[in-house]
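Heads up: the structure comes next, in structure tokens.
The values are calculated or read from the model by the stated rules, or taken from the named source; none is laboratory data. Note that the structure is a prediction, hence the values are computed from the model and not measured. Here the Cβ positions follow ideal geometry from the backbone for every residue, glycine too, while neighbour counts run over all protein chains shown.
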Amino acid sequence: MADYARQFDFLVLGSGIAGLTFALKVAHAGSVAIITKKSRAESNTNYAQGGIAAVTSEEDSFESHVRDTLDAGGGLCNEAVVRGIVEEGPARIEELIQLGMKFSERESHGHRELDLGQEGGHSKRRILHAKDVTGREIERALLTAIATHENITVLENHLAIDLITTAKLGQAQANAGAVAGELACRGGGGVAGFGRWVRLLALTLARPTRWWRLWSLAFRWCWRTARGGG
């Protein structure tokens, strides 16, 4: 292997909530490289100012959240998908808290509780937030977890150029369903200018997944790096 080539089991393009979460999920199974165009914190997630809608109060219910979502969707939502997202919401919130996410709290009858907000389309208070910088707090918690994992490497200031799969090279793959091969990158050290090959077994294009309902105003701020590459 050439001295400019590095080999990983998993490659993630993007360092937002989807990419960082996926990296943490698979790092136990092999080495992971996260490629990001600028610094590791520069993502749409980092600029999201809204909150996350999830059923975390005894006064709320899955059925109420599903009904609100379907009503707001005006007939465009797939009910099975909506129900799946809603019912998995509390587990995803707990996962973020376990990773160190600090949601805003308030004092209530002598104890602390989540400071739930109510936004348009919601009949109950179910919006969890971290002041007005929810995305930045999520990014902070995930990056902190990433930094302590020895199987995860973040390549900042790198731009993916081309995915050269084994199929393109005419090489048979034992697992026909796997994406394997090499990725040509450009960048490193804060300046673009040299090529790098990353050999991999699996590739993930990291975009926000269906498990996270995060309302973002990031498009106003992240335009220098948000290229619509997903």
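Considering only residues that are aliphatic (A, V, I, L, M), assigned to a strand (DSSP E or B) and modelled with pLDDT under 80, which ones fall in the stretch 140-169? First the steps, then the outcome.
Taking the stretch 140-169 first, the residues aliphatic (A, V, I, L, M) are 141-143, 145-147, 152, 154-155, 159-161, 163-164, 167, 169.
Filter once more, keeping what is assigned to a strand (DSSP E or B): 152, 154-155, 159-161, 163-164.
Listed by number, the residues that qualify are Leu159, Ala160, Ile161, Leu163, Ile164.
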Would the stretch 71-82 turn up any residue that is crowded, with 17+ Cβ neighbours inside 10 Å and either assigned to a helix (DSSP H, G or I) or not small (Gly, Ala, Ser) (or both)? yes
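Quick check, is Ala54 among the hydrophobic types (A, V, I, L, M, F, W, C), surrounded by 16 or more Cβ atoms within 10 Å (Cβ to Cβ) and modelled with pLDDT of 90 or more?
Details: among the hydrophobic types (A, V, I, L, M, F, W, C): yes; surrounded by 16 or more Cβ atoms within 10 Å (Cβ to Cβ): yes; modelled with pLDDT of 90 or more: yes.
In short, yes.
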Is there any pair linking a residue in the stretch 69-81 that is free of Cβ contacts under 8 Å to residues at least 12 places away in the same chain to one that is part of a helix (DSSP H, G or I), with Cβ under 7 Å and at least six apart or on different chains, and which? Cys77/Thr69; Cys77/Leu70
Arg40 - would you say it is in the same structural domain as Leu20 (by TED's automatic domain parsing) and assigned to a loop (DSSP other than H, G, I, E, B)? yes
Does the stretch 90-115 hold any residues that are touching a Ser or Thr at 6+ places or on another chain (Cβ under 8 Å) and in a helix (DSSP H, G or I), and which are they? Pro90, Ile93
Any idea how many residues of the stretch 116-139 are crowded, with 20+ Cβ neighbours inside 10 Å, outside any loop (DSSP other than H, G, I, E, B) and in contact (Cβ under 8 Å) with a residue 40 or more places away in the chain? 6
Residue by residue through the stretch 99-115, note down the ones that are on the phi < 0 side of the Ramachandran plot, small (Gly, Ala, Ser) and either at pLDDT 90 or above or crowded, with 19+ Cβ neighbours inside 10 Å (or both). Ser104
I'd like to know if the stretch 49-62 contains one or more residues that are under 12 Å from the mean Cα position of the chain (by Cα) and either assigned by TED's automatic domain parsing to the domain that holds Leu159 or farther than 18 Å from Leu143 by Cβ (or both). no
